[in-house]
1. Most fluctuating residue of Ala102, Ala122, Ala143 in a GNM of the chain with Cα springs under 10 Å: which is it?
2. Determine how large the accessible area of Asp99 is when every protein chain is in place; take a 1.4 Å probe and give Å² rounded to the nearest 10.
3. Met147's amide H: which non-local residues (gap 5+, or another chain) put their own amide H closer than 5 Å, with H modeled 1.01 Å from N in plane and none for Pro or chain starts?
4. Excluding ligands, DNA and RNA, what is the solvent-accessible area per residue of segment 67-155 at a probe of 1.4 Å, expressed in Å²?
5. Of the accessible area of the chain, with the probe set at 1.4 angstrom, what percent is carbon plus sulfur?
6. What do the square roots of 5 times the Cα gyration tensor eigenvalues come to for the chain, in whole Å, largest first, as semi-axes of the equivalent ellipsoid?
7. Could you sort Met108, Met32 by their accessible area in this structure, using a 1.4 Å probe and putting the largest first?
8. Between Phe30 and Ser90, what length in nm is gained on full extension when 0.36 nm per residue of separation is reduced by their alpha carbon distance?
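The values are calculated or read from the model by the stated rules, or taken from the named source; none is laboratory data. Worth saying up front: this structure is predicted, and the values here are computed from it rather than measured. Only protein heavy atoms, including side chains, enter the accessible area calculation; ligands, DNA and RNA are left aside. Shrake-Rupley method; radii C 1.70, N 1.55, O 1.52, S 1.80 Å.
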Amino acid sequence: MSKFKKGEKRETPTGSSGSISDIVFMLLFFFMVTTQMRDTEAKVKVTMPQASEVVKLERKDLSSYINIGSPTRTYQAQYGTDARIQLNDSFKTVEDIRDFIAAERESMSEADRQFMTTVIKADQDVRMGIITDVKQELRRCSALKIMYAASKKSE
């Protein structure tokens, strides 16, 4: 009697599929954690000016963004090529900024309202008159903490 029989066909054992679901779940969890979702769609082209000193926002959840620039190609047929103001996902006028700031304040907790920052992301070729109008309206709304988005100067 020998331990190994010659001539008999052997079947290869099937692999365990129990760990596949764990691997898929880990990959799904990894991509959910590392992926950053955009809150708003960029409808204006913004080429940020370069700055010599850049300060990073401490809490992005306390900031409201006002984008100013010419509309992207998909919106140029409808809105033209002049500079526009984008609040959230729609084009607005300077008069609409007051309602925008009020809505942003209402969405924050009472303790965080004093730390609200308004970030102006303006294209480097936008006329200063539009930015001045936006700043004047922000002053009327008592939104006095304003930052300007810029890219770091390459050396």
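1. Ala102
2. 110 Å²
3. For Met147, the qualifying residues are Thr118, Val119, Ile120.
4. 63 Å²
5. In the chain, the share of accessible area belonging to carbon and sulfur is 52 percent.
6. Equivalent-ellipsoid dimensions as semi-axes: 55, 20, 16 Å.
7. Result of the area sort, largest leading: Met32, Met108.
8. 18.4 nm
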